[in-house]
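The values are calculated or read from the model by the stated rules, or taken from the named source; none is laboratory data. Keep in mind it's a predicted model, so treat the numbers as computed, not measured. We place every Cβ from the backbone using ideal geometry, glycine too, and count neighbours over all the protein chains shown. Each accessible area value is taken on the protein alone, full model and side chains, heavy atoms only, with ligands, DNA and RNA left out. Shrake-Rupley method; radii C 1.70, N 1.55, O 1.52, S 1.80 Å.
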Amino acid sequence: IVGDGPAVHMMAASMGEIAACLVRVPTENVKQNLQAGTFRTTGDALRGIMAENGPRGFLKGYFSTVMREIPFSMIQFPLWEGLKKAAAARHEDGLVRSYESAAAGSVSGAFSAAVTTPLDVVKTRLMLRVDVNGIPYNGMVSTFQRILNEEG
């Protein structure tokens, strides 16, 4: 894909997210488990995740995270670029102002987050592995169905 259209922004964002998730997911696993109270300290979380599943435990939820990040990015970046182009067209010099770019980024990010929040909930549940009663979550589709059935 060559050019400057939405497809280019979608593809670039998707490839970037796939790579970024290799770093983001292990960090998210530790953070989510600390926030849920599964572990008291970062060291406890690192040791606990490693003891439970080995190094693969840190990548738990990688697929669900990628499946959340790609739609988010495929919405956010083309929308942001489109809003910036519209803003630039309003000026004689054809340049977008920094505050306009920031506003466009805020709007596109907020809209993307609102649309992809259900995917984020599934990702978080998979990273936490079990619910408050200790019942495990198994896979994206079954976790999504379970949340829908139990919580609406």
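Here are the numbers for the structure shown:
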read-out: Helix 140-151 vs. the chain, principal-axis angle (Cα, 0 to 90°, nearest 10); value: 80 degrees
read-out: Listed peptides 88-95, 66-73, 3-10 by packing density, highest first (mean Cβ within 10 Å); value: 66-73, 3-10, 88-95
read-out: Å² per residue, accessible surface of the chain at 1.4 Å; value: 59 Å²
read-out: Euclidean distance of C-alpha centroids, segment 1-52 and segment 68-89, integer Å; value: 21 Å
read-out: Full-extension gain in nm, K85 to Q35, via 0.36 nm per residue minus C-alpha separation; value: 14.0 nm
read-out: Exposure of F144 as accessible area (Å², to 10), given a probe of 1.4 Å and all protein chains; value: 90 Å²
read-out: Calculated FRET value between A113 and N138, using beta carbons and R₀ = 30 Å, to 0.05; value: 0.70
read-out: Electrostatic dipole magnitude of the chain [Cβ: Lys, Arg +1; Asp, Glu -1; Cα centre; debye, to 20]; value: 400 debye
read-out: Projected label distance in nm at A19 and D93, using a 7 Å step from Cα toward the beta-carbon; value: 3.2 nm
read-out: 18 Å tail of the calculated P(r), the chain, as % of Cα pairs; value: 65 percent
read-out: Tail fraction, Cα-Cα pairs, segment 22-89, threshold 14 Å, whole percent; value: 66 percent
